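J.: Below: one structure in structure tokens.
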Amino acid sequence: MISGLVALTIATIAASAHAQTPADEQARTHFESGRLYFERGEYDAALREFEAAYELSHRTQLLYNIYLTLERLGRPGDAADRLEAFVAASTELDAEARANFETRIANLRERAAELAREDEARAARERETTPITPPPDEGIGTLGVIGIAGLAAGGASLLVFAITGGLAAAEDSSLADSCGENAGRTCTEDDVSTLRTLTTTADVTLAIGLVLAAAGGTLLAIDLATTEEAPVAIAPMIGPSVAGVQIGGAL
């Protein structure tokens with residue numbers, strides 16, 4: 001039966017060789033390649049060639065060859081679809097042959113359903129045996145986030161203090177040369193206005209920075225205290241060229 005259909009397809013294509021179109025010639029080439037692949041057991045390649053031949057020629061016999069190849073590939077559902085299409089397009093089949101094909105199609109459908117059930121059961125077993133990984137501990141909660149924000153704001157404020165403090169020191173030195181003891185005259189209100197502004201800004205930002213850093217560090221420490229992490233040490237850090245908050249420990 002199999003070899004008969006293959007030979008019939010070759011004969012059908014060859015019989016019209018005198019009127020072949022380029023598509024017919026390509027279809028015959030694909031078919032012959034598919035037949036050779038099928039005979040060698042290279043079913044993936046055979047399927048590719050048979051389907052290419054069918055797309056070009058739409059010859060009914062090729063549907064049967066595609067069905068056979070899909071069956072060999074262990075794809076009963078797809079094989080049933082192709083065999084069903086072959087039966088529907090084959091008007092020359094008698095009642096007995098059609099009934100035999102219908103039985104074969106039903107068997108293929110049942111096999112496909114059985115494979116689907118096996119796959120579902122296998123997936124269920126894998127889900128049962130796969131340990132559930134708990135979500136990772138985020139470590140820092142809402143208080144910790146607020147604390148970190150406070151530390152960041154405090155550090156920024158201390159940085160402003162360091163900058164304005166440095167500018168104030170430079171301004172004070174400049175005034176000493178222009179209107180202070182070194183200049184031999186008393187500084188006026190206009191002379192010291194810039195220095196006062198810088199000094200006030202430095203004092204305010206220092207106070208704000210220390211308060212924010214202390215509050216942020218406290219909130220972060222409270223948040224981390226609810227976990228089993230190592231304790232955190234927090235301290236302001238102020239120097240000639242740096243200002244901020246130093247945090248020690250494990251976060």
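Laboratory data are not the source of any read-out in this text; all were calculated from the coordinates shown. Owing to the predicted nature of the structure, the values given are computational and were not obtained by experimental measurement. Cβ placement follows ideal geometry from the backbone for every residue including glycine, while neighbour counts extend to all protein chains displayed.
J.: Could you give me the ³J(HN,Hα) list for the stretch 85-95, computed from phi with Karplus coefficients 6.51, -1.76, 1.60 and θ = phi - 60°, whole Hz, x at Gly and Pro?
T.: 5, 5, 5, 5, 8, 8, 6, 8, 5, 7, 5
J.: Right, next: Pull out the extension gain between Glu32 and Ser193, defined as 0.36 nm times the separation in residues minus the alpha carbon to alpha carbon distance; nm, one decimal.
T.: Residue separation times 0.36 nm, minus the Cα-Cα distance, leaves 48.1 nm.
J.: Among Leu56, Leu36, which comes first, second and so on when ranked by fewest other beta-carbon atoms within 10 Å?
T.: In increasing order of surrounding Cβ atoms, one gets Leu36, Leu56.
J.: While we're on this one: What is the order of Ile148, Ile163, fewest Cβ neighbours within 10 Å to most?
T.: Fewest-to-most Cβ neighbours within 10 Å comes out as Ile163, Ile148.
J.: Listing Ile66, Ile105, Ile132 from the residue with the fewest other Cβ atoms within 10 Å to the one with the most, what is the order?
T.: Ordered from fewest to most neighbouring Cβ atoms within 10 Å, Ile66, Ile105, Ile132 come out as Ile132, Ile105, Ile66.
J.: Tell me, what ³J(HN,Hα) does each residue in the stretch 154-171 have, in order and in whole Hz, if you take phi through Karplus 6.51 cos²θ - 1.76 cosθ + 1.60 with θ = phi - 60° and put x for Gly and Pro?
T.: Those phi angles translate into x, x, 5, 5, 5, 5, 4, 4, 4, 5, 5, x, x, 5, 5, 5, 5, 5 Hz.
J.: Taking the stretch 41-145, which GluC sites (Glu not before Pro) meet the DSSP loop condition and have no more than 16 other C-beta atoms within 10 Å?
T.: Here the sparse-neighbourhood loop sites are Glu42, Glu92, Glu138.
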